[in-house]
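The values are calculated or read from the model by the stated rules, or taken from the named source; none is laboratory data. What you see is a predicted model, and the numbers here were worked out from it, not measured in a lab. Cβ atoms come from the backbone with ideal geometry, glycine included; neighbour counts cover every protein chain shown. The protein model used for the area step is the full one, side chains on, heavy atoms only, and it has no ligands, DNA or RNA in it. Shrake-Rupley method; radii C 1.70, N 1.55, O 1.52, S 1.80 Å.
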Amino acid sequence: MKASLLIKFNKKLGMHFVSPIFDLYSDYLLVNQGQTTATGLSALVEGKLSHDAITRSLHQLTYGSAQLWQVVKPFVQQIADPNAVLTLDDTVEHKPYMDQNPLIRFHYDHCQRVALKGINQLTALYTGQTSSLPVAYALIEKDLLITDNKTGKTKWISRVSKQERFRQLIRQSLSNNLIFKYILADCWFSSADNFTYIAGLEQQFIMPLKNNRKVALSQADQQQGRYQPIESLGIEEHQCLAVWVTDVDFPLLLTKQVFKDGDREQGILYLVTNDLTADPVSIQTQYARRWKVEEFHKSIKSNTGYSRSPAHTVRSQSNHLFLSMLAFVKLEALRLATSKNHFALKSLLTMNAMKLAMRDLNSLKSQSTLLAKAA
């Protein structure tokens with residue numbers, strides 16, 4: 001069953017929707033250990049594919065979210081599940097030494113809480129019962145130079161806000177007929193506009209609110225402007241409470257999740273959903289599936305050469321990132337076929353490469369008179 005899934009997937013993968021060179025390049029990303037270059041790939045195939053041909057492919061057309069969907073669609077159809085979740089999250093890949101362009105700018109990294117020079121990618125990850133796959137994404141380009149009214153300094157901004165990109169990816173996923181139960185995201189996307197937008201699409205969401213976010217305990221309180229911070233409500237763990245958020249015309253269910261290390265409290269998460277039939281346990285269980293997007297970020301950065309391209313143009317950089325995600329999809333197919341996780345698969349490929357290198361080294365050593373005498 002698992003093997004047949006991989007075979008069916010590979011018949012589609014890269015053959016009709018991306019160039020054969022790109023299919024080979026994404027394989028190269030999986031086996032390569034260092035910088036990914038056109039020269040390196042050409043040498044790997046012993047010159048059967050020239051450096052110039054590879055470089056031209058990276059510069060000719062721009063591949064992006066639509067092409068990713070065409071590749072991943074057959075796989076998603078096999079894992080489709082009405083109880084799946086669609087998780088949206090962004091990540092910043094640090095590029096401190098590369099020249100700035102619309103793709104490489106300073107972006108705020110929410111994990112490190114500092115602006116970093118690099119690439120910012122927003123991804124929609126589809127998680128079913130057995131697999132997680134990227135189904136849409138946007139690279140945040142800052143191509144508009146403005147003057148900050150407060151500081152008087154110039155800065156680059158995106159013509160389309162990240163919040164609008166967030167809504168575009170949801171819209172794109174629905175237009176591709178994806179089926180899922182919840183949309184998940186972190187508190188950066190927990191805005192009234194996004195809540196209203198998702199509800200208007202007749203979709204359900206689960207997102208966290210910061211503990212100082214103000215809510216009303218009834219619609220009458222909302223109309224009178226009587227709001228209070230969430231942390232002052234005294235809500236108990238595993239309790240659900242109906243609340244009204246500013247500028248949202250419908251009630252949300254609020255629950256509190258406490259993280260503990262033994263008896264010590266480590267943190268609190270306040271989650272809201274527009275699914276009024278949900279209970280605290282199901283809300284927390286479903287939101288825990290958001291962790292898959294963190295695994296996705298870690299895998300593309302560690303296993304698919306995401307940050308290891310020296311390309312300098314926006315198009316070649318964008319295509320390299322697209323191919324990194326294509327490589328991730330291949331890893332996910334292999335994971336299902338072998339029951340080995342992405343890091344175990346990468347380690348296996350690395351070990352096999354080292355064994356071949358050791359064999360070749362021993363062969364060379366046997367030809368060396370000096371080494372033979374030393375032995």
Q: Take the residues in the stretch 288-316 that are open to solvent by less than 20 Å² (accessible area, probe 1.4 Å) and touching a strand residue (DSSP E or B) at 6+ places or on another chain (Cβ under 7 Å), then tell me which one is modelled with the lowest pLDDT.
A: Tyr306
Q: Sort out which residues of the stretch 177-202 are open to solvent by 40 Å² or more (accessible area, probe 1.4 Å) and either touching a strand residue (DSSP E or B) at 6+ places or on another chain (Cβ under 6 Å) or farther than 11 Å from Leu88 by Cβ (or both), and write them in order of number.
A: Asn177, Ile179, Lys181, Cys187, Asp193, Thr196, Tyr197, Gly200, Leu201, Glu202
(Q) With the condition being touching a Phe, Trp or Tyr at 6+ places or on another chain (Cβ under 6 Å) and not aliphatic (A, V, I, L, M), I'd like the helices (runs of 4 or more DSSP H) fully within the stretch 307-374 carrying at least 2 qualifying residues. (A) 314-338
Q. From the residues in the stretch 36-57 that are among the small types (Gly, Ala, Ser) and in a helix (DSSP H, G or I), which one is nearest to Arg315 (Cα to Cα)?
A. Ser57
Q: Could you tell me which numbered condition Lys150 fails, if it satisfies all but one of (1) surrounded by 14 or more Cβ atoms within 10 Å (Cβ to Cβ); (2) over 17 Å from Ile300 (Cα atoms)?
A: (1)
Q: Within the stretch 91-125, work out how many residues are open to solvent by 10 Å² or more (accessible area, probe 1.4 Å), in a loop (DSSP other than H, G, I, E, B) and touching a helix residue (DSSP H, G or I) at 6+ places or on another chain (Cβ under 7 Å).
A: 3
Q. Taking the stated definitions as given, is Asp247 within 20 Å of Cys187 (Cα to Cα), surrounded by 12 or more Cβ atoms within 10 Å (Cβ to Cβ) and among the acidic types (Asp, Glu)?
A. no
Q) What is the number of the single condition among (1) open to solvent by 20 Å² or more (accessible area, probe 1.4 Å); (2) under 22 Å from the mean Cα position of the chain (by Cα); (3) under 30 Å from His59 (Cβ atoms); (4) not acidic (Asp, Glu) that Met325 does not meet? A) (1)
